[in-house]
Amino acid sequence: MSPQKPSPAKSGKKPSRAKPRPAARARTVVIAALVVCAVLVGGLFWWSPWSSEESSSSSPACVEDTTHFADPETGLCFGIPADWGRISDAELGESGFTLVVEADSGNAWAGTRPVPEDISATDAEDAARKMVAMLADVGPDAPMQVESGSVDGHDSSIVEYETAVSWFRAVAVDVDGEIVLMIGSTLNGEDGLIEQVEQIHGSLSIA
(Lines give C-alpha, C1' and ligand atoms only; values in the text may rest on other atoms or scores of the structure.)
Protein backbone atom coordinates (compact mmCIF):
# COMPACT_ATOMS: atom_id res chain seq x y z
CA MET A 1 0.00 0.00 0.00
CA SER A 2 1.39 3.45 -0.97
CA PRO A 3 1.99 5.80 1.89
CA GLN A 4 -0.69 8.46 2.40
CA LYS A 5 0.26 12.07 1.62
CA PRO A 6 0.00 14.33 4.64
CA SER A 7 -2.79 16.86 4.57
CA PRO A 8 -1.79 20.53 4.17
CA ALA A 9 -2.67 21.15 7.81
CA LYS A 10 -0.35 18.43 8.97
CA SER A 11 2.47 19.21 6.58
CA GLY A 12 2.63 22.87 7.67
CA LYS A 13 2.46 24.10 4.12
CA LYS A 14 -0.11 26.73 3.26
CA PRO A 15 -2.46 25.89 0.46
CA SER A 16 -1.63 27.79 -2.68
CA ARG A 17 -4.33 30.21 -3.88
CA ALA A 18 -5.68 29.68 -7.28
CA LYS A 19 -4.67 32.43 -9.71
CA PRO A 20 -7.64 34.53 -10.84
CA ARG A 21 -8.69 33.82 -14.32
CA PRO A 22 -8.68 36.64 -16.93
CA ALA A 23 -12.48 36.81 -16.87
CA ALA A 24 -12.50 37.34 -13.10
CA ARG A 25 -9.89 40.11 -13.38
CA ALA A 26 -11.96 41.82 -16.07
CA ARG A 27 -15.06 41.73 -13.85
CA THR A 28 -13.07 43.29 -10.99
CA VAL A 29 -11.86 46.14 -13.21
CA VAL A 30 -15.39 46.81 -14.49
CA ILE A 31 -16.84 46.86 -10.96
CA ALA A 32 -14.11 49.24 -9.77
CA ALA A 33 -14.77 51.54 -12.72
CA LEU A 34 -18.50 51.56 -11.98
CA VAL A 35 -17.85 52.45 -8.35
CA VAL A 36 -15.61 55.39 -9.39
CA CYS A 37 -18.24 56.62 -11.85
CA ALA A 38 -20.95 56.40 -9.20
CA VAL A 39 -18.83 58.46 -6.80
CA LEU A 40 -18.13 61.11 -9.46
CA VAL A 41 -21.77 61.36 -10.53
CA GLY A 42 -22.87 61.59 -6.92
CA GLY A 43 -20.35 64.36 -6.34
CA LEU A 44 -21.66 66.29 -9.34
CA PHE A 45 -25.24 66.02 -8.10
CA TRP A 46 -24.14 67.16 -4.65
CA TRP A 47 -22.23 70.18 -5.95
CA SER A 48 -24.45 71.28 -8.83
CA PRO A 49 -27.22 72.96 -6.79
CA TRP A 50 -24.64 75.06 -4.95
CA SER A 51 -22.80 75.92 -8.15
CA SER A 52 -26.02 76.91 -9.89
CA GLU A 53 -27.10 79.06 -6.97
CA GLU A 54 -23.74 80.79 -6.81
CA SER A 55 -23.60 81.50 -10.55
CA SER A 56 -27.18 82.78 -10.67
CA SER A 57 -26.63 85.11 -7.73
CA SER A 58 -23.54 86.65 -9.32
CA SER A 59 -25.16 87.32 -12.71
CA PRO A 60 -26.53 90.85 -13.19
CA ALA A 61 -30.32 91.24 -13.02
CA CYS A 62 -30.67 93.31 -16.22
CA VAL A 63 -33.35 91.42 -18.11
CA GLU A 64 -35.63 94.07 -19.61
CA ASP A 65 -39.42 93.91 -19.54
CA THR A 66 -42.25 96.35 -18.82
CA THR A 67 -40.96 97.09 -15.32
CA HIS A 68 -37.18 96.62 -15.68
CA PHE A 69 -34.80 98.70 -17.78
CA ALA A 70 -31.13 98.78 -18.69
CA ASP A 71 -29.49 102.02 -19.82
CA PRO A 72 -26.58 101.27 -22.18
CA GLU A 73 -25.22 104.81 -21.85
CA THR A 74 -24.60 104.58 -18.11
CA GLY A 75 -24.61 100.80 -17.59
CA LEU A 76 -27.26 101.16 -14.88
CA CYS A 77 -30.19 98.74 -14.50
CA PHE A 78 -33.29 99.30 -12.38
CA GLY A 79 -36.89 98.33 -11.78
CA ILE A 80 -39.99 100.49 -11.50
CA PRO A 81 -43.40 100.16 -9.80
CA ALA A 82 -46.23 98.76 -11.92
CA ASP A 83 -47.89 102.16 -12.40
CA TRP A 84 -44.74 103.81 -13.76
CA GLY A 85 -43.70 103.99 -17.41
CA ARG A 86 -40.81 105.02 -19.63
CA ILE A 87 -40.68 108.39 -21.37
CA SER A 88 -39.85 108.13 -25.06
CA ASP A 89 -36.47 109.26 -26.33
CA ALA A 90 -38.20 111.93 -28.41
CA GLU A 91 -39.63 113.49 -25.26
CA LEU A 92 -36.19 113.64 -23.61
CA GLY A 93 -34.92 116.07 -26.23
CA GLU A 94 -31.65 117.72 -25.23
CA SER A 95 -32.13 117.14 -21.50
CA GLY A 96 -28.95 115.09 -21.18
CA PHE A 97 -30.86 112.21 -19.60
CA THR A 98 -30.45 108.89 -21.38
CA LEU A 99 -33.41 107.06 -19.81
CA VAL A 100 -36.32 108.53 -17.83
CA VAL A 101 -39.36 106.95 -16.17
CA GLU A 102 -42.29 108.66 -14.48
CA ALA A 103 -45.24 107.87 -12.25
CA ASP A 104 -48.66 107.52 -13.81
CA SER A 105 -49.71 110.75 -12.09
CA GLY A 106 -46.79 112.62 -13.67
CA ASN A 107 -45.81 114.01 -10.28
CA ALA A 108 -42.62 111.94 -9.87
CA TRP A 109 -39.81 110.89 -12.18
CA ALA A 110 -36.43 109.19 -12.16
CA GLY A 111 -33.72 109.22 -14.79
CA THR A 112 -30.19 108.09 -15.58
CA ARG A 113 -27.43 110.08 -17.24
CA PRO A 114 -23.68 110.59 -17.36
CA VAL A 115 -22.26 113.48 -15.35
CA PRO A 116 -22.84 116.73 -17.31
CA GLU A 117 -19.73 118.04 -19.03
CA ASP A 118 -20.02 121.41 -17.28
CA ILE A 119 -19.84 119.72 -13.86
CA SER A 120 -16.23 119.13 -12.84
CA ALA A 121 -16.91 116.51 -10.18
CA THR A 122 -14.03 115.20 -8.08
CA ASP A 123 -15.88 112.12 -6.77
CA ALA A 124 -19.32 110.53 -6.52
CA GLU A 125 -20.53 112.75 -3.68
CA ASP A 126 -19.38 115.89 -5.45
CA ALA A 127 -21.16 114.82 -8.64
CA ALA A 128 -24.42 114.06 -6.79
CA ARG A 129 -24.28 117.38 -4.89
CA LYS A 130 -23.67 119.44 -8.00
CA MET A 131 -26.39 117.62 -9.96
CA VAL A 132 -28.99 118.20 -7.25
CA ALA A 133 -27.87 121.83 -6.89
CA MET A 134 -28.30 122.37 -10.63
CA LEU A 135 -31.82 120.87 -10.67
CA ALA A 136 -32.97 122.65 -7.49
CA ASP A 137 -31.30 125.91 -8.57
CA VAL A 138 -29.26 126.24 -5.38
CA GLY A 139 -25.54 126.29 -4.58
CA PRO A 140 -23.68 122.96 -4.19
CA ASP A 141 -22.86 123.96 -0.61
CA ALA A 142 -26.56 124.07 0.34
CA PRO A 143 -27.41 121.84 3.31
CA MET A 144 -28.04 118.42 1.81
CA GLN A 145 -28.48 114.97 3.31
CA VAL A 146 -25.57 112.76 2.21
CA GLU A 147 -25.18 108.99 2.58
CA SER A 148 -22.44 106.69 1.32
CA GLY A 149 -23.27 103.30 -0.15
CA SER A 150 -22.45 100.86 -2.94
CA VAL A 151 -24.08 99.43 -6.05
CA ASP A 152 -22.90 95.94 -6.96
CA GLY A 153 -19.65 96.59 -5.09
CA HIS A 154 -19.06 100.00 -6.69
CA ASP A 155 -18.83 103.02 -4.39
CA SER A 156 -21.83 105.32 -4.53
CA SER A 157 -23.11 108.44 -2.85
CA ILE A 158 -26.74 109.40 -2.19
CA VAL A 159 -27.68 113.08 -1.86
CA GLU A 160 -31.15 114.39 -0.94
CA TYR A 161 -32.40 117.96 -0.94
CA GLU A 162 -35.84 119.42 -0.29
CA THR A 163 -37.24 122.79 -1.24
CA ALA A 164 -40.60 124.30 -0.32
CA VAL A 165 -42.08 122.69 -3.41
CA SER A 166 -39.94 119.75 -4.56
CA TRP A 167 -37.81 116.87 -3.26
CA PHE A 168 -34.68 115.73 -5.11
CA ARG A 169 -32.53 112.64 -4.76
CA ALA A 170 -29.37 111.74 -6.67
CA VAL A 171 -27.38 108.51 -6.65
CA ALA A 172 -23.87 108.81 -8.11
CA VAL A 173 -21.98 105.58 -8.80
CA ASP A 174 -18.26 105.31 -9.48
CA VAL A 175 -17.92 102.55 -12.09
CA ASP A 176 -14.21 101.92 -12.59
CA GLY A 177 -13.35 105.60 -12.40
CA GLU A 178 -16.33 106.84 -14.41
CA ILE A 179 -19.19 108.43 -12.47
CA VAL A 180 -22.78 107.85 -13.60
CA LEU A 181 -25.97 109.26 -12.10
CA MET A 182 -29.56 108.42 -11.36
CA ILE A 183 -31.77 111.32 -10.31
CA GLY A 184 -35.26 111.26 -8.86
CA SER A 185 -37.71 114.00 -7.97
CA THR A 186 -41.27 114.54 -6.84
CA LEU A 187 -43.44 117.25 -5.37
CA ASN A 188 -43.51 117.68 -1.62
CA GLY A 189 -46.47 116.13 0.12
CA GLU A 190 -47.13 113.47 -2.55
CA ASP A 191 -48.10 110.38 -0.56
CA GLY A 192 -45.97 107.36 -1.41
CA LEU A 193 -44.09 108.90 -4.35
CA ILE A 194 -40.92 109.63 -2.38
CA GLU A 195 -40.91 106.00 -1.25
CA GLN A 196 -41.37 104.86 -4.85
CA VAL A 197 -38.40 106.92 -6.05
CA GLU A 198 -36.32 105.45 -3.22
CA GLN A 199 -37.51 101.99 -4.25
CA ILE A 200 -36.32 102.58 -7.83
CA HIS A 201 -32.95 103.83 -6.60
CA GLY A 202 -32.69 100.81 -4.30
CA SER A 203 -33.11 98.45 -7.27
CA LEU A 204 -30.04 99.82 -9.08
CA SER A 205 -27.52 97.33 -10.41
CA ILE A 206 -24.63 97.38 -12.89
CA ALA A 207 -24.95 95.78 -16.32
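Only residues that are without any contact (Cβ under 8 Å) to a residue 60 or more places away in the chain, of a type in the set (Gly, Ala, Ser) and under 14 Å from Arg113 (Cβ atoms) were counted in region 152-201, giving 2. Scanning region 90-112 for residues that are under 29 Å from the mean Cα position of the chain (by Cα) and at positive phi returns a single hit, Gly96. Can you pull out every residue in region 180-194 that is at pLDDT 95 or above and either of a type in the set (D, E, K, R) or in contact with a helix residue (DSSP H, G or I) (Cβ under 8 Å, 6 or more places away or on another chain) (or both)? Passing the criteria: Leu181, Met182, Ile183, Gly184, Ser185, Thr186. Scanning region 66-84 for residues that are closer than 25 Å to Gly189 by Cβ and loosely packed, with under 14 Cβ neighbours inside 10 Å gives Ala82, Asp83. Within region 103-154, if we keep just the residues that are of a type in the set (S, T, N, Q) and part of a loop (DSSP other than H, G, I, E, B), the residue that is modelled with the highest pLDDT turns out to be Asn107.
Within region 87-137, the set of residues being among the acidic types (Asp, Glu) and either within 16 Å of Ala170 (Cα to Cα) or buried (at least 19 other Cβ atoms within 10 Å of the Cβ) (or both) comprises Glu102, Asp123, Glu125, Asp126, Asp137. Pairs are defined by a Cβ separation below 8 Å, a sequence spacing of at least 6 or placement on different chains, a first member in region 100-129 that is farther than 23 Å from Ala207 by Cα, and a second member that is surrounded by 18 or more Cβ atoms within 10 Å (Cβ to Cβ) and acidic (Asp, Glu); the pairs so defined are Ala108/Glu102.
A count restricted to region 155-194 and to residues that are aliphatic (A, V, I, L, M) and in a loop (DSSP other than H, G, I, E, B) stands at 2.
The values are calculated or read from the model by the stated rules, or taken from the named source; none is laboratory data. Here the structure is a predicted model, which is why all the values come from computation and not from measurement. Positions of Cβ are backbone-derived with ideal geometry, glycine not excepted, and every protein chain shown enters the neighbour counts.
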